[in-house]
Structure formats: structure tokens, C-alpha cells
Amino acid sequence: MNTARYEHTASLLTNEQVLVTGGRYNSSSYLNDAELYDPTTGTWTTTGSMNYVRRSHKASVLKNGKVLVTGGFNGLQRLTSAELYDPSTGTWTFTGNMSYSRAGHTASILANGSVLVTGGRASISFANTTELYDPSTETWTTTGSMNNDRRDHTASVLSNGQVLVTGGLGNSGFLNSAELYDPLTGIWTMTNNMTDTRYYHTATVLTDGKVLVTGGLINASSINRAELYDPSMGTWTPTSNMNSGRQLHTASILRNGKVLVIGDSNRADLYDPLTGNWTMTDNMNHVRSGHTASVLTNGTVLVTGGSESDITLNSSELYQLS
């Protein structure tokens with residue numbers, strides 16, 4: 001990449017390019033620049049910069065092909081602002097502000113094309129508020145509040161259209177709770193708790209509709225444990241452990257249905273849903289945390305940036321299925 005960064009976003013555009021936005025270079029240098037990766041040439045080019053520097057924000061590719069960036073932290077405060085990137089012009093424009101400032105939140109594209117934003121850190125405390133963005137009107141409306149305040153949690157859109165939120169860090173501590181959002185009613189209901197409390201974890205919807213949760217942080221320790229949520233039963237069951245503990249990692253579902261988990265080291269794990277087992281695969285060239293991983297249209301996984309000890313990376317690498 002042209003700029004070293006971590007805690008940024010990466011979005012696969014409808015033209016098959018990957019848009020990388022923001023993040024930070026170090027503890028005091030926050031970024032508003034953006035760049036594009038072209039899989040056909042393997043090259044990076046700069047594009048228009050966002051209006052605000054931000055890290056720990058979220059980027060969502062809308063059904064119209066534009067990219068909605070929400071919230072984040074600019075080094076001084078958490079943001080309510082949102083902006084839109086137009087791939088056809090390479091420019092950013094402001095859109096409606098969220099009702100609440102937030103960073104470390106989630107953003108999920110619902111079946112009707114609206115974007116559900118949940119939780120995150122507000123000013124001092126963590127939030128249970130949620131709101132919806134309507135791309136047709138570029139406006140936000142609040143919807144039902146979660147039962148728990150949380151940041152650095154996960155949100156997964158299930159095959160039935162509901163959204164499963166898991167874990168995170170709440171004002172009362174680490175969470176193992178999970179809850180479901182029903183877009184038809186705007187109401188949150190609790191579902192069964194995970195086996196482990198965790199934040200900085202991942203949640204991946206598998207091809208069979210179950211949700212695989214991996215790793216995360218408990219107190220100051222990365223964990224290697226993984227578990228599965230069955231939406232039809234509302235239950236959690238442990239599955240086999242990863243080969244190493246991870247936090248601030250990524251989990252990508254591949255075209256063969258397996259899940260590639262990387263980060264917090266240079267080791268890479270593959271989860272096979274058919275057997276419930278993990279196997280080691282090729283190591284990355286760098287240790288990375290706070291990186292991104294994008295599954296390209298050809299099935300290759302593009303990994304960008306991240307932090308390696310005290311070094312912020314501008315490198316990117318590709319994982320190809322054998």
C-alpha cells in the first residue's frame with residue numbers, strides 16, 4: 001500500500017477492486033486517506049481522501065455500489081459523522097450524521113438494503129444504542145436498544161434475516177451474552193450465552209447457516225477456543241480449538257466453505273465445518289494484528305496492513321487456495 005496503517009477498513013467494490021480507508025499509523029497519527037487495490041494488476045493507487053481522519057470505524061458496501069463509512073475515533077473524540085464514497089468519481093461526500101457518536105461498533109447490511117449500526121464506545125462509556133441508515137433518503141433513525149452495552153463485539157446477518165450480536169466489552173466487563181435483532185419488529189431478544197466471554201473475536205456465518213465464533217481476548221490473554229451457534233436451536237456448542245490463541249484477527253469464509261483465520265501471529269489456521277477440525281496452512285510473511293482480509297471474486301484472500309510489534313505495515317499479501 002502507499003500508506004502503512006492498522007485499524008483501517010477494506011471493502012470489496014462491485015468493480016472487483018478493494019477500497020482501503022483510514023486507520024492509524026501510530027498512537028498519535030490518524031489517517032483520512034484512501035487507496036484502491038486492482039486485482040488484475042496487483043497495484044495500489046490513491047483515491048480521494050475522507051473528510052475526517054478516523055480509525056475503528058466501519059465501512060459498508062451499499063446495494064448501489066457506494067461505500068458508507070460510519071463513526072470511528074479521530075484522536076480527540078468518537079464521531080457521529082458518516083460519509084459516502086462514490087467509486088465512479090473517486091470522491092467522498094458527507095451524508096446524514098448518526099444520532100450517537102461511536103467507535104468499535106458494528107455495521108450490517110440488512111436484506112432491505114438498510115444498514116444497522118450497533119453499540120460501540122461513545123464518549124466515556126459503551127453504548128447499547130442502535131440505529132438504521134436508509135440509503136434512499138440518506139437519513140438515520142433509531143431502533144430498539146440492545147439489552148447489553150458493548151463495544152468490539154460482532155454482528156452477523158443470519159439466513160433468516162435476523163442479526164446475531166455476540167460478546168464484546170461492556171461497562172460491567174467482558175461479555176458472553178448474545179442477542180438477536182428482528183428487522184421486522186425492531187426488537188432485540190436475548191438468546192443463549194456463549195461458553196466463553198470474549199471481545200476482539202470474530203463471527204463467521206457458515207454455508208450451513210451456523211455461526212463460527214473464534215478467539216478473542218479475556219483479560220489480557222488471547223484465547224484459542226471456538227464455538228458454534230445454531231440459529232434453529234438458539235444454542236452454542238464448543239468445537240475444536242484453534243492451534244493458537246488470537247485477538248484482533250480475521251476470519252474469512254472461502255469458496256470451498258472452509259474458514260481461514262489469521263492474525264495475532266503469522267500462523268494461519270483453516271477450519272473445516274464438515275469435520276469440525278482445524279489444520280495449519282501456509283504462514284503469512286508478517287505477524288499482523290488490526291489488519292484486514294478480503295475475499296476477492298477469484299477466491300484469493302487479500303490481507304493488508306496491520307501492526308507487527310511496534311511496526312505499522314504497508315505490505316499486503318495474497319492467500320490462494322491450493
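In a DSSP loop and with at most 13 other Cβ atoms within 10 Å, the trypsin sites (Lys or Arg not before Pro) in segment 239-308 are 255. Phi angles of segment 278-290 translate, via the Karplus equation with coefficients 6.51, -1.76, 1.60 and θ = phi - 60°, into HN-Hα couplings of 9, 10, 6, 10, 4, 6, 5, 6, 9, 6, 9, 9, x Hz per residue; Gly and Pro are given as x. Listed from fewest to most Cβ neighbours within 10 Å, the set 44, 188 follows the order 44, 188. Maximal additional length on extending the residue 272-residue 285 stretch stands at 2.3 nm, based on 0.36 nm per residue less the C-alpha distance. Spin-label model, residue 125 to residue 318: label points 7 Å out along the Cα-to-beta-carbon direction sit 4.9 nm apart. For residue 46, neighbours were defined as the other residues whose beta-carbon sits under 15 Å from its Cβ, and their charges (Lys and Arg +1, Asp and Glu -1) total -2. Amide hydrogen proximity for residue 126: with H placed 1.01 Å from N in the peptide plane, the residues at 5 or more positions away or on another chain lying under 5 Å are 171. By the beta-carbon count within 10 Å of each Cβ, the least crowded to most crowded order of 272, 264, fewest first, is 272, 264.
Couplings 3J(HN,Hα) for segment 24-31, derived from phi with the Karplus relation 6.51 cos²θ - 1.76 cosθ + 1.60 (θ = phi - 60°), are 9, 8, 8, 5, 10, 10, 9, 10 Hz, where x marks Gly and Pro. About its Cα centre, the dipole of the chain is roughly 360 debye, where the only charges are +1 on Lys and Arg Cβ and -1 on Asp and Glu Cβ.
Between residue 51 and residue 160, the modelled label-to-label distance comes to 4.0 nm, taking each label 7 Å out from Cα in the direction of the beta carbon. Phi angles across segment 135-151 convert, under the Karplus curve 6.51 cos²θ - 1.76 cosθ + 1.60 with θ = phi - 60°, into 3J(HN,Hα) values of x, 6, 10, 6, 10, 10, 9, 6, 10, x, 7, 5, 6, 10, 6, 6, 10 Hz, Gly and Pro given as x.
Looking at (1) 122; (2) 157; (3) 134, which value of volume of the Cα convex hull per residue in Å³ comes from a calculation on the structure shown? Calculated volume of the Cα convex hull per residue in Å³: the matching label is (1). For trypsin sites (Lys or Arg not before Pro), the sites in segment 35-78 that DSSP calls loop and that have at most 14 other Cβ atoms within 10 Å are 63. Using the Cβ-Cβ distance between residue 138 and residue 110 with R0 set to 22 Å, the FRET efficiency from 1/(1 + (r/R0)^6) comes to roughly 0.85.
Each reported figure results from applying straightforward, stated rules to the coordinates on display, with no laboratory input. What you see is a predicted model, and the numbers here were worked out from it, not measured in a lab. Quick reminder, even Gly has a Cβ in these numbers, built from the backbone with ideal geometry, and neighbours come from all protein chains shown.
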